[in-house]
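Here is the structure we will look at, set down as structure tokens.
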Amino acid sequence: MVTPTMSKARAFVLLQTLAACIAPALAADAATTPAIESAPVPPPPAWLAGVDAMYDGLRVPGLERRDFSGSGSGADGPEHWWQVATPLLGTGAGFRVEEIGRSAEGRPLRHVRWGKGKTPVLLWSQMHGDESTGSMALADLFRFLGEHPDHPVTQRLRASTTLHFMPMVNPDGAARFQRRNAQGIDLNRDARMLATPEARALKALFDRVQPAYGFNLHDQQPGYRVGDSARGTAIALLAPPSGPTNTVDPTRARAIEVAASIRIALEPYIAGHLARWDDTFNPRAFGDLTAQWGSSTILIEAGAIEGDPQKQQLRKLYFVGLLAALDSIASGSHVGVPHALYRELPENGDPWSDLRIDGGTLAIPGQPHARADLLLEFGDPLAWRGGSIKDIGDLKERPARRTVDARGLFIVPAMQRAPSTTAGAAEAPETPCRIEIDAPACFFLARDPQGRDRVWSPDDIDPATVPSHDAGR
Ligand SMILES: [Zn+2]
């Protein structure tokens, strides 16, 4: 948890103060789990406290919703993201922007270039359309580079690297906030076949740039835990192998050092909530193949911080991690960073279910009452929207991100009316929702089996809002 050693605490009071904003959300699920054993993590780079202090002025406004909707700008999704980012990408700030292709539905695919150094770096975001944290962090990075040209980190990056970005690789998916592209293809399983225009554009850019380093920017399921602990993964990292033998050649060694540099920067914020992604070689995935094609590749996966449904806290951490990674490349500070700092990160464990409702009593009309736990998954697990029932019965051993204590309460089906199929037809009568596997979470908890004294329902945004009640009553 966010309890660094005393010496670190003295040196990074500011970081800790800011990290403390994030800490309470993480503390709840960490309390039950012992701290992980690991090699001592060195202090973060000296510039980080200053960048942390200036971050509120770097956070680009207009990206407060992770599907980039509802902005009032007249554009949503990928068009809105580009409307926000484009003013940051002026030639005066050192940027060059070119169109490098069109998506399956004709949306522009763009290459952003910045810097004058000899080390080419390629960063691509949102090839999964509903994984937008990297795109948010890139906007903040553009602002940092453009508005702080004299910052020592900016100067190092400009002198030593040329940064190539392909933000928003999958704009059609982003427009729907879905993983796959408009053709239904997962672009990160299309690196070998290159069947999609988006994958072909990224591959052509890669071939042109020949990046020494590649950054593959994603989000992962919020249910993932760090190893076998109860701690949710906030950020997962991977330096993918370049083939099925999973060896560490010099190219991968550099990626491991850069990934470890990200850990060093993020440790004061989210110690114990950093994990490693599974390193099984995937011959269809971009990160694995860019490693095979000769780039030191780093995968960054934003997981979840409870209470951060729009990933605005994670966005900052993602920005900090990216800046630390790029600076470690530009400054050479990654050289000699112990690989153990990467290797000792636990892998992502099995994802937990979203919500378990413990010890309620099923009160289904026409059936005998029965004690039952319920396991729910949510379509939008961070906003607790779109719940459905995944299991019913004695489920005490099934882990979940949140639990609701329903002892002494009844699980009562809500009433629903079937949609009328014919215009002008009489309204169908209301019937109780079904409580069964894969059915929508269409029920509520009540103090009485008839459901008159209603206490909580899955539509209540946060299970923490379930009122305390006397379980013995
Ligand atoms: Zn992804």
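The values are calculated or read from the model by the stated rules, or taken from the named source; none is laboratory data. This is a predicted model, so every value here is computed, not measured. Reconstructed Cβ throughout: ideal geometry from the backbone, glycine too, with neighbour counts over all protein chains shown. With ligands, DNA and RNA removed, areas are computed over all heavy atoms of the protein, side chains included. Shrake-Rupley method; radii C 1.70, N 1.55, O 1.52, S 1.80 Å.
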Complete set of residues in the range 448-466 that are in a loop (DSSP other than H, G, I, E, B), modelled with pLDDT of 90 or more and open to solvent by 90 Å² or more (accessible area, probe 1.4 Å): Gln450, Arg452
Only one of these conditions is not met by Gly173: (1) within 14 Å of the ligand (Cβ to nearest atom); (2) in a loop (DSSP other than H, G, I, E, B); (3) more than 20 Å from Ser295 (Cα to Cα). Which number is it? (2)
Scanning the range 407-442 residue by residue, those among the aliphatic types (A, V, I, L, M) and modelled with pLDDT of 95 or more turn out to be Leu409, Ile411, Val412, Ala414, Ile435, Ile437, Ala439, Ala441
Looking at the range 162-178 only, could you name the residues that are touching a Pro at 6+ places or on another chain (Cβ under 8 Å) and β-branched (Val, Ile, Thr)? Thr162
Within the range 191-294, which helices (runs of 4 or more DSSP H) (wholly inside it) include 3 or more residues that are away from the ligand (no atom under 16 Å from the Cβ)? 197-209, 250-270
His148 fails exactly one of the following numbered conditions: (1) of a type outside the set (S, T, N, Q); (2) away from the ligand (no atom under 16 Å from the Cβ); (3) open to solvent by less than 10 Å² (accessible area, probe 1.4 Å). What is the number of that condition? (3)
When the range 194-228 is examined, which residues are found to be open to solvent by 10 Å² or more (accessible area, probe 1.4 Å) and closer than 30 Å to Asp350 by Cβ? Asp219, Gln220, Gln221, Pro222, Tyr224, Gly227, Asp228
Residue set Gly386, Gly366, Gly332, Gly393; condition assigned by TED's automatic domain parsing to the domain that holds Gln220 and surrounded by fewer than 16 Cβ atoms within 10 Å (Cβ to Cβ); output residue Gly332
Scan Met136, Met127 and give me the residue that is under 24 Å from Leu194 (Cβ atoms) and within 16 Å of the ligand (Cβ to nearest atom). Met127
Can you report the number of residues in the range 153-168 which are under 13 Å from Gly332 (Cα atoms) and in a helix (DSSP H, G or I)? 5
Residue check, Ala104 against (1) open to solvent by 70 Å² or more (accessible area, probe 1.4 Å); (2) out of contact with any strand residue (DSSP E or B) (no Cβ under 6 Å at 6 or more places or on another chain), all met but one. Which one? (1)
Asn188 is checked against (1) in contact (Cβ under 8 Å) with a residue 24 or more places away in the chain; (2) crowded, with 21+ Cβ neighbours inside 10 Å; (3) away from the ligand (no atom under 13 Å from the Cβ) and fails just one. What number does that condition carry? (3)
Quickly run through the range 369-383 and pick out the residues that are modelled with pLDDT of 95 or more, open to solvent by 20 Å² or more (accessible area, probe 1.4 Å) and farther than 16 Å from Asp438 by Cβ. His369, Ala370, Arg371
